[in-house]
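The structure under discussion appears below in the form of structure tokens.
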Amino acid sequence: MDKDYILEIEGLSKGFPGVQALDKVSFNVERGTIHALVGENGAGKSTLIKILAGIYRADAGNVTLNGQAIAFKTPHEARVAGISVVHQEMKLAEPLSVAENLFVGGILTGRGNLVDWKEMRRRAKEIIDNLGVEIDVRAPVDSLTVAKKQIVEVCRAVNMNCKLMIMDEPSATLTDRELEILFGIAKKLRGEGITIIYISHRLDEIFNLADNVTVLRDGLMVNTVPVRDVTKRRLISMMVGRELGLEYPKEAAQIGDVLLEVKNLVRNGVLHDISFNVRQGEVLGISGLVGSGRTELARAILGIDKIDSGEVYVRGKKKLYRSFREAIKDGLGLIPEDRKTQGLVQIFSVKRNICMVSLDKIIKKGIVSARLEQQYGEEYAKKLRIMTPSMNTQVQYLSGGNQQKVVVTKWMMQNSEILFMDEPTRGIDVGAKTEIYHLINDLVKQGKTVIMISSEMPEILGMCDRIVILHEGKMVGELMRDEATQERIMEKCV
Amino acid sequence: MSETGTRGSAFLTKMSQFSKEYMAIIAILIMSVVFTLTSPYFLTWENWKNILLQTSTVSVAAMGQAIVLLTGNFDLSLGRNVAFTSCLGAILMKSTALSPNIWNPWVVILIMLAMGTLIGLCNGVLTAYAGLPAFIATLGLQNVCYGLAKLITNATPIATFPNSIAFFGRRYFGPMPWCVLIMIGLYILAQFLSTKTRLGRNIYAVGGGKEAAFFSGINVKKYTCLGFVIAGFLASFSGVILMSRLNSVAITNGQGYEFDAVIGSIIGGVSLAGGKGKIIGTLFGSIFLITLFNGMAQLHVDPFVQDVLKGFVLLAAIGLDVFRNRKRA
Ligand SMILES: Nc1ncnc2c1ncn2[C@@H]1O[C@H](COP(=O)(O)OP(=O)(O)OP(=O)(O)O)[C@@H](O)[C@H]1O
Ligand SMILES: [Mg+2]
């Protein structure tokens, strides 16, 4: 009663065919605080946000904003009321420039009602500069990396002048430095009296940033508590309903022969003279800032991009893959960084997506076996605990983290010998992360090799045997597991 | 309370799923009732045989369009492909009559099919490998085909062909014309191939998400191209049936088939956005379209008015598709 709440949620429920995404959820958000929302994949976080943003309508319950009952019918209404959302799945107008994206819905006009490009670019630049990042405001959004797109999203929300900003996993793709920037902004906005609802699976962030935290589990609200009153362990057990084991359950595997060797690899303007190797049973981490060439390195090795000079050896034999397909056939694989477009066919069912890479395994005598497809789908979905109403559900209806699990599953089924993972745990909850780490352990124990690209430093430190550090397309260092620390990596990155 | 709520909505989803998949059949039934009430001739076997006969040519070309739509593209050249290949066939057949030893009708048919396939290949190569927008590439080939058809026939109709090709359009199996059976057979085969083989799976995957298909190791260019190739083949097959059925050929053959095909496909549940819908639906979509115009003809609707209406049906179908896709977001 004595507290000043900007948002009060009471008895909020929302069901989809086959799932109750939210079940009588109630909590309040204090004005001028950063309020974290956590829970496992599919717990209902994004659904709650979408109701606040006017994208979904609640089945039951009341929401009060500034003391007034609200039930937005369109995102526009929500925006007018001062609620701005950075969504988990990005919603930018890809072919348009950064500046245009910042002003979507409110293009600046000058004299004669013409678009005032100059002013628009200037203001866009101001906002972006404020965040301390380098993005050309004239560049079309689709030319940006995933991380930069995310920053544009944040900028857009800032530009909308909102009172309540909701960030749905804005950090999933950001590296530490970008995260620092984001945190800086969040705190600055809080200082200016703006309230922020912040969703993340990276619990460290919650402790770093948030004042209060609400935990959801299977659509039910577990608790809302001040962050200073909980420990990480406690928070995790509230989220998953049980105690979890080690956060990084690294198990050393038998190290064998060199499986992949890269010598003096060059891709003009992108990669400069990169050499390294990986052995059977090894997990190699590739660390570096966004734009340092991590993804590009994987692409060049896998035949997706052309190599200008240098050699790639697989199992001691020189290889030059002309297409990604060739690389896959030769036992290589890649879990791509962008699950939405690269990882999944959104309109296909869960099982169909799972079996997409390894179609061979479900084809008998030239005919696709529906039985095998169902069987494999169920088997792998169970392994990674993918939450879905059925194998026939289109993946677009799964929660973000569960979609990511489907992408990982595709490649588990393919069983590649040399598997590149580009941000494999992006948007995945703590429990599922641990499951993926166990999978990595299993892979290397079978004498396979995993090359992990990740922006999450603790994950790299926790799971890799060796770490290669890239900076602006050059290899600037290589650290063994026991000598690697966050500081030593960062030192080389800048 | 929430129990019944979920069950109720599950029921609704099922119903809407059902009506989506069988919309064409439902539409045909409703239309049939209306036309039966307004025209005594409508419900006769004679009339239905007619409808099926007409469907047999359009729907085979429409199947090609459906496949191209599944890959996320669009083929504007289908109709003129029908015209050109059937004109080419007619010319070759006529020279058969002059010197019977040179052109066996069956050889002619093979040449027609090869030519149609080649046109499809051109579309495919230009779109998939040279990177032209499908709209431009197929519009180009549409004009090439039409020009060639005029060129080789001097724009005059050609009639009466050897009896040996009558099978495709004029022979019967019991009460059923062979071409209708061929059409049904082709659709069953295509439905099977599209759902149960690598080829079909990959065509859907390419249309459903190009990038995701690429990152799953699917040769996106190849399957995009193959879609056009198959469509070209089917267009010329439609040309063979048409030539045989009418026993005459004119450059206007197949005119507008590409749009009829789009209407048929969309009503049958195939999406313009690619990767979604059943091929077999296109058969029902095509029957729907032919039935609609058959019924209107019996009501003596002015043919020009029918053309206008066809335009509206096309727009309505596309609008429907856009609506269906929007709802899922
Ligand atoms: N449009 C939809 N149609 C059907 N089911 C949906 C839809 N949106 C969400 N769901 C289901 O509702 C549940 C909650 O999903 P939601 O996206 O809110 O989870 P989340 O907490 O954001 O998870 P994550 O951490 O993985 O992003 C999931 O089981 C999901 O499959
Ligand atoms: Mg979510």
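The values are calculated or read from the model by the stated rules, or taken from the named source; none is laboratory data. Source: prediction; values computed, not measured. Counting neighbours? That spans all protein chains shown, and the Cβs are built from the backbone with ideal geometry, glycine included.
Only helices (runs of 4 or more DSSP H) whose full extent lies in the range A:31-106 are considered here, and the ones with at least 1 residues that are buried (at least 21 other Cβ atoms within 10 Å of the Cβ) and within 16 Å of ligand 1 (Cβ to nearest atom) are A:45-52.
Of these, B:Asn247, B:Asn219, which one is facing chain A (nearest Cβ under 10 Å), surrounded by fewer than 24 Cβ atoms within 10 Å (Cβ to Cβ) and in contact with a helix residue (DSSP H, G or I) (Cβ under 9 Å, 6 or more places away or on another chain)? Every option except B:Asn219 fails the conditions.
Please find, within the range B:281-315, the residue that is farthest from B:Ser39 (Cα to Cα) out of those that are of a type in the set (Val, Ile, Thr) and over 17 Å from the mean Cα position of the chain (by Cα). The residue in question is B:Val308. Evaluation of A:Ile328 against the conditions (1) aliphatic (A, V, I, L, M); (2) at the interface with chain B (Cβ under 9 Å from one of its Cβ atoms); (3) in contact with a Lys or Arg (Cβ under 9 Å, 6 or more places away or on another chain) shows that the sole unmet condition is (3). Go through the range A:18-30 and give me each residue that's closer than 19 Å to A:Ser390 by Cβ and more than 6 Å from ligand 1 (Cβ to nearest atom). If the condition is that a residue be closer than 19 Å to A:Ser390 by Cβ and more than 6 Å from ligand 1 (Cβ to nearest atom), then A:Gly18, A:Gln20 are the ones that fit. Would you point out the residue of the range A:369-392, among those that are more than 16 Å from ligand 2 (Cβ to nearest atom) and buried (at least 18 other Cβ atoms within 10 Å of the Cβ), that is modelled with the lowest pLDDT? Here the answer is A:Leu384. A:Leu22 satisfies every condition listed in (1) surrounded by fewer than 24 Cβ atoms within 10 Å (Cβ to Cβ); (2) closer than 20 Å to A:Gln403 by Cα except (1). Screening A:Leu320 against (1) within 14 Å of another protein chain (Cβ to nearest Cβ); (2) farther than 27 Å from A:Ile460 by Cα leaves a single unmet condition, (1). Regarding the range A:336-357, can at least one residue be identified that is of a type in the set (Ser, Thr, Tyr), within 16 Å of ligand 2 (Cβ to nearest atom) and either surrounded by 18 or more Cβ atoms within 10 Å (Cβ to Cβ) or closer than 30 Å to A:Pro249 by Cβ (or both)? No; the residues of the range A:336-357 include none that is of a type in the set (Ser, Thr, Tyr), within 16 Å of ligand 2 (Cβ to nearest atom) and either surrounded by 18 or more Cβ atoms within 10 Å (Cβ to Cβ) or closer than 30 Å to A:Pro249 by Cβ (or both). Annotation: of all residues in the range A:394-426 being hydroxyl-bearing (Ser, Thr, Tyr) and either in a helix (DSSP H, G or I) or within 10 Å of chain B (Cβ to nearest Cβ) (or both), the one that is nearest to ligand 2 (Cβ to nearest atom) is A:Tyr397. Where strands (runs of 3 or more DSSP E) fall wholly inside the range A:283-369, the ranges with 3 or more residues that are assigned by TED's automatic domain parsing to the domain that holds A:Met475 and over 24 Å from A:Asn441 (Cβ atoms) are A:309-314, A:317-319. Summed over the range A:122-171, residues that are away from ligand 2 (no atom under 16 Å from the Cβ), within 24 Å of A:Arg190 (Cα to Cα) and either in contact with a Pro (Cβ under 8 Å, 6 or more places away or on another chain) or of a type outside the set (Asp, Glu) (or both) total 26. Under the condition of being touching a helix residue (DSSP H, G or I) at 6+ places or on another chain (Cβ under 8 Å), within 14 Å of chain B (Cβ to nearest Cβ) and under 15 Å from A:Leu398 (Cα atoms), the residues counted in the range A:15-45 number 7. Selection of first residues in the range A:32-57 that are on the phi > 0 side of the Ramachandran plot and not assigned by TED's automatic domain parsing to the domain that holds A:Gln396 and of second residues that are part of a helix (DSSP H, G or I) and within 11 Å of ligand 2 (Cβ to nearest atom), restricted to Cβ pairs under 6 Å at least 6 apart or on distinct chains, gives the following pairs, ordered by first then second residue: A:Gly39/A:Lys45; A:Gly42/A:Asn402.
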